[in-house]
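This report refers to the structure that appears directly beneath it.
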Amino acid sequence: MERMIGVIGGSGVYEIAGLEEARWQAVETPWGAPSDAVLRGRLNGVEMAFLPRHGRGHVHTPTTVPYRANIAAMKMLGVTDLVAVSAVGSLKEAYAPGDFLVVDQYIDRSFAREKTFFGPGLVGHVSVAHPVCSRLSAACVAAARSLGVTVHAGGTYVAMEGPQFSTLAESRLYRSWGADVIGMTGMPEAKLAREAELCYACVAMITDYDCWHPDHDAVDVAQVVATAMKNADVARGLVAALPGLLRGAADDCAAGCGHALDSAIMTAPAKRDPAMIERCRPVLGRVL
């Protein structure tokens, strides 16, 4: 299988010099349209696909992002390696605004989102004990280090519902749990990518210290946007470095991402809803 790198992130991340054969492609999935059309092209000989998570112009709230359609669209287009680029707040002094952190764990505190492709008539349970691809995450760390930026390898991301920022009590609570960063879009994106058997990594761009920090006792949009714009330049460079690190055929991932569904489906074959099977086939087809 030919390798294809997908990127879900801010609108500025896909503005990469050297992207050849660039064209926007509309995609329709069984879960509706994704956040926007997908920008496809080739970079250093590797097929790429870019999807603005909130849509161009930032039209989706963290809750209304069509997460299932976004992941399904990437799967249907043939993406093998999916990198999420997300703005986050820091919950630790050592992780400063402007730093990058490649996530390896999540605490999911979202509550108003559809979190699975499965449903009545096709029940499945996928392990997310290790929710990201260790191989792809290592490539993201290497890409960041090649740019000379401060990057932290591994950390726990608290996914809150939003769209409001944390209260001080919440921020202190998440710090007491040992979490490292906080954001609003990390879940259910990572869970859905695991169900879709995609190699998935999350590059978190730290924009602020949340509200726990005594010198940064409030978070405002202007601060977040200003730091995010600076980070976007680095994020573009990081993404541009990935084709050189991931060149070659997309063989079975040693981390097992491509076999996440091997024992996931619980519904007996005779009891499976044919309509649900057809709906899920574009994403779960390997085991259907």
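Summary of values
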| read-out | value |
| --- | --- |
| Sequence-distant residues sharing a close amide H with T267 (under 5 Å, placed H) | V123 |
| Sequence-distant residues sharing a close amide H with V38 (under 5 Å, placed H) | Q25, A26, V27 |
| MRE, 222 nm, helices only [DSSP H, n ≥ 4, -39500 (n - 2.57), over the chain, to nearest 500] | -8500 deg cm²/dmol |
| Whether the range 154-216 is rounded, prolate or oblate, judged on the alpha carbon gyration tensor where a/c under 1.5 counts as rounded | prolate |
| For the range 106-179: relative contact order, % (alpha-carbon pairs under 8 angstrom, 6 or more apart) | 48 |
| Extension gain (nm, one decimal) between R272 and E161, 0.36 nm per residue minus Cα-Cα | 36.7 nm |
| Length gained when the stretch D262-W177 is fully extended (0.36 nm per residue, less Cα-Cα span) | 27.4 nm |
| Gaussian network model of the chain, springs between alpha carbon atoms under 10 Å - residue of L245, L82, L136 with greatest fluctuation | L245 |
| Rounded to 10°, Cα long-axis angle of helix 67-77 versus longest principal axis of the chain | 60 |
| F111/V59 FRET efficiency (R0 25 Å; Cβ-Cβ; nearest 0.05) | 0.65 |
| Estimated inter-spin distance, A33 and A222, nm [label 7 Å along Cα→Cβ] | 3.5 |
| Carbon + sulfur, % of accessible area of the range 80-172 - ligands and nucleic acids excluded, 1.4 Å | 57 |
| Calculated FRET efficiency for the pair K230/E21, C-beta based, R₀ 30 Å, to 0.05 | 0.55 |
| Built amide H within the under 5 Å cut-off of Y200, gap 5+ | L82, C133 |
| C-alpha long axis of helix 134-146 to longest principal axis of the chain, angle in ° | 40 |
| Residue among A240, A196, A270 with the largest mean-square fluctuation in a Gaussian network model of the chain, springs linking Cα atoms under 10 Å | A270 |
| Nearest-0.05 FRET efficiency for E2 and A254, computed from C-beta distance (R0 25 Å) | 0.85 |
| Heavy-atom accessible area per residue - the chain, 1.4 Å, Å² | 42 |
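The values are calculated or read from the model by the stated rules, or taken from the named source; none is laboratory data. Here the structure is a predicted model, which is why all the values come from computation and not from measurement. Note that each Cβ is placed from the backbone with ideal geometry, even for glycine, and that neighbours are counted across all protein chains shown. Note: accessible area is taken over every heavy atom of the protein model, side chains too, but ligands, DNA and RNA are not part of it. Shrake-Rupley method; radii C 1.70, N 1.55, O 1.52, S 1.80 Å.
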